[in-house]
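Written below as structure tokens is the structure these notes are about.
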Amino acid sequence: MPSTLLRRPERTVPATATPVPRRRTRVFALTEARWAAAATLAFLTALPLHLTGAPAWAWGPLYAVAYAAGGWEPAWAGLQALRERTLDVDLLMIVAALGAVAIGQVMDGALLIVIFATSGALEALATARTADSVRGLLDLAPDTATLLLDDGEERTVPSADLVAGDTVLVRPGERIGADGRVLDGAGEVDQATITGEPLPVVKEAGDEVFAGTVNGTGALRVKVERDACDFVVARIVAMVEEASETKAPTQLFIEKVEQRYSIGIVLATLAVFAVPLAFGSGLTGSLLRAMTFMIVASPCAVVLATMPPLLSAIANAGRHGVLVKSAVVMERLGRVDAVALDKTGTLTEGTPRVTDVRPLTGSGLDADELLATAAAAEHPSEHPLARAVVRAARERELDIPLSDGFASAPGIGVSATVDGHAVAVGAPARLLHGAGDPVSAEAAAVAEELESAGRTAVLVRRDGLPAGVLGIADRLRPGAAATVAALTDLAGTAPMLLTGDNPRAAARLAAEVGIADVRAGLLPEDKAGAVRERGAVGRKVLMIGDGVNDAPALAAAHTGIAMGRAGSDLALETADAVIVRDELAAVPQLVTLSRRARGLVVQNLVIASVFISGLVIWDLAGHLPLPLGVLGHEGSTVIVGLNGLRMLRESAWWGDRRGRG
């Protein structure tokens, strides 16, 4: 949904929020997919009948259905291009298919039609699904907000009607309806959709909040600072739409030269027909020579030189838990020479876990007792840190005591009575009141040590005295450091880390995996800007992310990859490929697979070029019999097709680790 739908009609839409018209709608994409499916079904039904020697009346109508169902759209596109005085490969394919029919090669022409129809339908569906996901992003922002009037009265109004200067009330559990700044109140806001931070952030007077984020605890009074069309969530929509529509056209090799090749074949065919005719050759002989030339020069082998290796590589990747959305994407993956990584949910699991349990001197508690006490107090809470503490206690199979008198204070922590003791769990800065006693000093030192290591420190206080400190952090994915090293080798340069998290946590994690270029505290537009900055100097950037906040960067990158299990709908649809099983190690494997597939494409193009050149020279310099020309043409097509299927082998994925690909 274009971001203009978030504004009042009389407002001017900023340039950054101007919607880009879409060329394909979901209805059109589904229609195109149905026609392609019909063409494929008709072809697959006719093929065995044809190959087993059934009479022509049995398979002929089925081939006709395949031609009609799969050929009308590229034929129409080719005619439209012709009307604009251009000639593209769509029209050439239709002419080549009809030429194949004219000389009795009905099956070959139908195969060309099916390949082109299926490719176009897949592209249309992918584009339409991305557009739907972008529109769905606006559902993050609530439809209504509680507006506070000057006389203190509350009024429920559409969020789209809020303007800069309005004041809104955000109650616990509500989504924030506008970008603004907290006037008073305190709460813990989950803003992972905007910044990617794994934990809720304490918001107090003077702090900035964003539309679409969730206020977990405490009430907030927020002054609106931006009109609806300028909300960060609206800018994400605009950036994804703009990047998706304006990204440089991505084409396969044959498509890059289709204009010159198509014009050249047509002109050459006319010349082969007209020149001998002008010098007295017979009409039938000249026409037969011209038809032979067009058949042997048609790009059937070139098309099959390109598609089977890439499609086979897509199938191979799918077996290993990676969804690559098109052959174009598979080709592009092998050309990346720079990598950008999100942190939370990409390099890390995206779930906070207890990493340290540090009982204090004189508390009378060991590590297990400290963790069980904290878990008992936190058990009724829904806060992510509380869930991490309870999960850790259960993983250690500890007995968690019952608690009563539970209370939660935004930005401070929780309190409860556990086994007759008053227990408080929360932020050290709020629970340590500057006392100079040795236990408090020890607690402050442990908390500082953990925080300097990138952990979130949680203080446990029992009967008013510090009892221990817990360290909580988001855990790296298995093999993250090895993946970063592999991507560095493949790209020839170290990846950069792009995150909305705080600089200290980002730097700590980057050091663990070997990343030096760290950019922290970024909003979605900053991530996209960093990717474009690399692209502006000629780098082909591979962006890997999982969240809504990564979508603009995924769209702006040369190629985008999303993590499947933790990925947001928008990231999954915007990305060019999806790691379905969240196995980060699959990324360098995928890039390597793409490079092998591209190498096989080059081999096939050489084979096809040799065959086409030889047959064309024979036809022009001598007399190439039509059956021999068809045999040579079809032979080259079969050879490159079978060669391309080598990418289905398991060794193509594993390479040197399990055999050569």
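The values are calculated or read from the model by the stated rules, or taken from the named source; none is laboratory data. Just so it is clear, the structure is predicted and the values come from calculations on it, not from any experiment. Here the Cβ positions follow ideal geometry from the backbone for every residue, glycine too, while neighbour counts run over all protein chains shown.
A compact table of results
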{"item": "Filter result for residue 598 (closer than 30 Å to residue 264 by Cβ, in the same structural domain as residue 276 (by TED's automatic domain parsing), among the charged types (D, E, K, R) and modelled with pLDDT of 75 or more)", "result": "yes"}
{"item": "Options 489, 474, 463; residue that is among the acidic types (Asp, Glu) and under 22 Å from residue 581 (Cα atoms)", "result": "474"}
{"item": "Candidate set from region 52-76 (those that are under 42 Å from the mean Cα position of the chain (by Cα), among the aliphatic types (A, V, I, L, M) and surrounded by fewer than 17 Cβ atoms within 10 Å (Cβ to Cβ)); member that is farthest from residue 35 (Cα to Cα)", "result": "64"}
{"item": "Cβ pairs under 9 Å, 6+ apart, first in region 309-338 and on the phi > 0 side of the Ramachandran plot, second assigned to a helix (DSSP H, G or I)", "result": "321/586"}
{"item": "Condition check for residue 606: surrounded by fewer than 20 Cβ atoms within 10 Å (Cβ to Cβ) and either modelled with pLDDT of 85 or more or at positive phi (or both)", "result": "yes"}
{"item": "Unique residue being farther than 30 Å from residue 358 by Cα and out of contact with any Lys or Arg (no Cβ under 9 Å at 6 or more places or on another chain) when the list is 519, 477, 504, 532", "result": "532"}
{"item": "Region 551-583, subset assigned to a loop (DSSP other than H, G, I, E, B), more than 19 Å from residue 650 (Cα to Cα) and not charged (D, E, K, R), residue nearest to the chain's Cα centre (by Cα)", "result": "575"}
{"item": "When residues of region 511-548 are limited to those that are small (Gly, Ala, Ser) and touching a Pro at 6+ places or on another chain (Cβ under 8 Å), the one surrounded by the fewest Cβ atoms within 10 Å (Cβ to Cβ)", "result": "521"}
{"item": "Matching strands (runs of 3 or more DSSP E) fully within region 304-417 where at least 1 residues are among the hydroxyl-bearing types (Ser, Thr, Tyr) and touching a Ser or Thr at 6+ places or on another chain (Cβ under 8 Å)", "result": "403-409"}
{"item": "Output for region 488-521, where each listed residue is charged (D, E, K, R), within 25 Å of residue 208 (Cα to Cα) and at pLDDT below 90", "result": "501, 504"}
{"item": "Filter result for residue 422 (under 24 Å from residue 186 (Cβ atoms), buried (at least 21 other Cβ atoms within 10 Å of the Cβ) and in the same structural domain as residue 461 (by TED's automatic domain parsing))", "result": "no"}
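Conditions tested, residue by residue: (1) closer than 30 Å to residue 463 by Cα; (2) surrounded by 21 or more Cβ atoms within 10 Å (Cβ to Cβ).
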{"residue": "314", "(1), (2)": "no, yes"}
{"residue": "319", "(1), (2)": "no, no"}
{"residue": "323", "(1), (2)": "no, no"}
{"residue": "326", "(1), (2)": "no, no"}
{"residue": "346", "(1), (2)": "no, yes"}
{"residue": "351", "(1), (2)": "no, no"}
{"residue": "358", "(1), (2)": "yes, no"}
{"residue": "362", "(1), (2)": "yes, no"}
